[in-house]
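> Mind looking over this structure? Questions follow.
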Amino acid sequence: MEVPILKQGDYLIATIQAALTDADLLKLHYALVEKVGKQRSKGVIIDVTALDVLDSFATRTLRSLAHMVRLRGATTVICGIQPEVAFTMVQLGLTLEGISTALDLEEGLALLMLSKRREV
Amino acid sequence: MPTKKDALQFEGKTNVDTSDESRSELLRQLVAHLRENRTQLRQEWARRITEAKLLTAMSQDEIFAEATTIYDNYVDALQSGTFEALQTYARDLSERIIPRGVETHEVIGIVLLLRDVLARSLFAKYQHDFALLNRILDAYEPAANRIANTVAVSFVQERERTIRQQQEAIRELSTPVLQVRDRLLILPIIGVIDPQRARQLTEQLLRGIRTNRAKLVVIDITGVAAMDSNVANNLVQTVEASRLLGASVIVTGLSPEIAQTLVTIGVDLSKMNTVGDLQGGIEEAERFLGYKVVPVGEAAIEDQRR
């Protein structure tokens, strides 16, 4: 299943709506890194509210995605991690170090706007 | 009076029952006898209960009232051979008397006393005919045993249920997640943290973060006496999990002993914000959220004077 990437002002929003295969995840990864440059975006929000599992591959992909996006000059926020998912991830030692997280999409946008204001 | 047939049966096989039909007939006879002597037997039973110093938590009248109901239920169960009604009543009774401190041995004691009282009355009634007495007891004993069993098991089950309920309540109470400002939660931890409690604590906190849309959580561990590497790791995990939900955590109230232990065992606490006490933690959190606390009224005047 393809993940739609929406442009909202300076930001890109990718909402994952169902469990993704590894291939889909990689596709999203490339598409986002590509689009950050094309749209001159300042931030990327990945919404994982619908996911009830985040395995090690997904976590690693998200982490490398965040780092690449940073290299392309934008920041990444991952939002909507479910409490149970967070609990399991931490127990497995998948902590998404160095990546901003937010409660939901609204919080994620607020976080990006805050960091933008600080830069200006 | 013993008939010829009875005597023959007694000679042939001592206490093995003849047939279902005669057994139900005997039971009927038995129940009729117990109904007839209801008042007397009931009084005898209540007297024996008091004599044996059972159910001391209850008054004389209460014992008599309960005894009456149990007696009737008992006889009904003997008659019908079904134990559902008795079971329901026993549960109900247990629910009423457990909070008053009635012990298991008392409940089993009174049921066994009733069994004894009834058996004695049967002995007295049929003593002239040993064969008939034998068969009556054959009919009575299994049913009586099952009744005693049912009542005791119901009581123990009810007790266990109560204990489970209380444990659950204590566990829920032990980890309150409190909101003190918009988007600021406090989680005071008191007592020992075992892995199970740590897990429950984390789950409750994560749920709290979601429902209150918290940005900051102050975890106060003033009330935690000791901490080992497991507990410390659990705490680190809690902090990490909260961060994944977008909330930062400030840990307050680490005692000198705990600080020393943590450093000695080398737990990586670099990801944790720590502040000395709860007040400091809340002030820090307020700064982070952009609040400023200004004294007003008398406090303000005093503040100016200083």
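The values are calculated or read from the model by the stated rules, or taken from the named source; none is laboratory data. All of these numbers come straight from a predicted model, not from anything done at the bench. Cβ sites come from the backbone with ideal geometry, for glycine too, and all protein chains shown count toward neighbours.
> Looking only at residues in the range A:87-120 that are touching a strand residue (DSSP E or B) at 6+ places or on another chain (Cβ under 9 Å), hydrophobic (A, V, I, L, M, F, W, C) and more than 15 Å from A:G9 (Cβ to Cβ), which one is modelled with the lowest pLDDT?
Across the range A:87-120, the extreme among qualifying residues is A:L96.
> Do you know which residues across the range B:171-215 are among the β-branched types (V, I, T) and at the interface with another protein chain (Cβ under 9 Å from one of its Cβ atoms)?
B:T202, B:I209
> Can you find even one residue in the range B:83-96 that is assigned to a loop (DSSP other than H, G, I, E, B) and closer than 19 Å to B:N149 by Cβ?
Taking every residue of the range B:83-96 in turn, at least one turns out to be assigned to a loop (DSSP other than H, G, I, E, B) and closer than 19 Å to B:N149 by Cβ.
> Of all residues in the range B:42-73 being in contact (Cβ under 8 Å) with a residue 60 or more places away in the chain and more than 21 Å from B:A32 (Cα to Cα), which is surrounded by the fewest Cβ atoms within 10 Å (Cβ to Cβ)?
Looking at the filtered set, the residue picked out is B:A52.
> Please state which one of B:A124, B:A119, B:A90 is modelled with pLDDT under 85, out of contact with any strand residue (DSSP E or B) (no Cβ under 7 Å at 6 or more places or on another chain) and of a type outside the set (K, R).
B:A90
> Could you list all residues from the range A:72-105 that are more than 21 Å from A:F57 (Cβ to Cβ) and more than 9 Å from every other protein chain (Cβ to nearest Cβ)?
Hits for the range A:72-105 are A:R72, A:G73, A:A74, A:T75, A:L105.
> Examine the range B:264-278 for a residue that is within 14 Å of chain A (Cβ to nearest Cβ), over 21 Å from B:R213 (Cβ atoms) and either in a helix (DSSP H, G or I) or of a type in the set (V, I, T) (or both), and state whether such a residue exists.
No, every residue in the range B:264-278 fails to be within 14 Å of chain A (Cβ to nearest Cβ), over 21 Å from B:R213 (Cβ atoms) and either in a helix (DSSP H, G or I) or of a type in the set (V, I, T) (or both).
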